[in-house]
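Asks: Mind having a look at this structure? Questions to follow.
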Amino acid sequence: MPDGDTRTGGHWGRPRVWVVVVLMIAAFLAGGVALTLGPAWEWVLAAAVVFLLGGLAAVPMGVFRASVHDEGRRSNDPRDL
């Protein structure tokens, strides 16, 4: 598929998927910092909740289908048509 394909977002993936991934990484890092600074359990819990909410938001967005496949591989998933 060409890079400008609107179904997949091209080589770089969909922007909404990247937003969720960045949110989850930020929550993970914030939780790690909160663990080292005390530990501040309220902040660790808040980071864990944000991380889990990001994961729950990522599944219906199709984060696991947002990758670029080789030309020789074809998906049998009807959502990819």
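The values are calculated or read from the model by the stated rules, or taken from the named source; none is laboratory data. Everything quoted here is computed from the prediction, not taken from an experiment. Using ideal geometry, Cβ is built from the backbone for each residue, glycine included, and neighbour counts are taken over all protein chains shown. These area figures cover heavy atoms from the full protein model, side chains too; ligands, DNA and RNA do not enter into them. Shrake-Rupley method; radii C 1.70, N 1.55, O 1.52, S 1.80 Å.
Asks: Sticking with the crude label model, points 7 Å out along Cα→Cβ, report the distance from residue 56 to residue 36 in nm, one decimal please.
Replies: 3.0
Asks: Ordering 16, 65 by accessible area with a probe of 1.4 Å, largest first, what comes out?
Replies: These residues rank, largest area first, as 16, 65.
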